[in-house]
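Report on the structure given below.
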């Protein structure tokens, strides 16, 4: 059936009224997209390079505020950890009771609690022998064997032959490094006799004299380490072992705790700050020595879970 012109016009009007206003929507969308470009750029907050040159900064940029907030949060978190660690110092008596032995107390030395020439030389031997790439058990056995052979007495060591020293080390289980270590023991005896008249107390005396009238703990300890570095076979780890072990005898070196044992302290919830730990044991060098010994045992024997 043919449509009239009136019908066609009416149909077109209906279509226009029912069609969605696409053009209007597109116009609004374009307007919204253009809005950020139309906004004038804000003035940069004062600070930055100007502040670095000494000009006052009225308001720090948002980035600086964020960094400051993060720093504040970090400070609060660290403070909370520090408080918790201090509260956990109640673990120290239990730690000392379980593993806080005096180093070389049961090694056969005649006077392990006194800084005699023999005792101090034994600690030097211990530092040398326990820091090689061997098991803790073999190292401990070798130290006892060497002391039983009388090598903590400098004269006895001086009289020994290279072959005799090699055999003693072999008896202790020190087979892999026996030849090299037998030579180092001979060199050690020669150095202590030649530079310190056969007594390591003279080494401490020299370090204290070099430190001067102030005689700060750090200066004296650094002086001791500097002189011991002349000993062949004695590296930084061995020097740490020596300082850990003798601070109860050479009290001028206290407080000291090697970095690995400090990390072990943190693992079981104790402070890692040496001074805090020292205060926790009443600033007693002997107790600090026992604490260092206990933390070493916990670390080497992997006993951290006992104190969680």
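What number, in percent, do you get for the relative contact order of the stretch 146-236 if the mean sequence gap of Cα pairs under 8 Å and at least 6 apart is divided by its residue count? It would help to have the intermediate numbers written out before the result.
Values: 62 pairs, mean separation 19.7, N = 91.
Across the stretch 146-236, relative contact order equals 22 percent.
According to the Kirkwood expression over distinct Cα-Cα pairs, how big is the hydrodynamic radius of the stretch 110-227, in Å?
Over the stretch 110-227, the inverse of the mean reciprocal pair distance is 15.0 Å.
Mind jotting down the distance between the C-alpha centroids of the stretch 254-308 and the stretch 99-126, whole Å?
Between the Cα centres of the stretch 99-126 and the stretch 254-308 lies a distance of 20 Å.
If you rank 162, 250 by fewest surrounding Cβ atoms within 10 Å, what's the result?
The order, fewest Cβ neighbours first, is 162, 250.
Within a 10 angstrom radius of the beta carbon, how do 153, 222, 244 rank from fewest other beta carbons to most?
On the way: 153 17, 222 14, 244 24.
Fewest-to-most Cβ neighbours within 10 Å comes out as 222, 153, 244.
Compute and list, largest first, the equivalent-ellipsoid semi-axes of the stretch 150-308 from the alpha carbon gyration tensor, each √(5λ) rounded to a whole angstrom.
Working: eigenvalues 186, 103, 26 Å².
Square roots of five times the eigenvalues give 30, 23, 11 Å.
Ranking 177, 151 by Cβ neighbours within 10 Å, fewest first, what do you get?
Lowest to highest Cβ neighbour count: 177, 151.
Quick note: the coordinates plus some simple rules give every number you see, no bench work behind them. Owing to the predicted nature of the structure, the values given are computational and were not obtained by experimental measurement. Cβ atoms come from the backbone with ideal geometry, glycine included; neighbour counts cover every protein chain shown.
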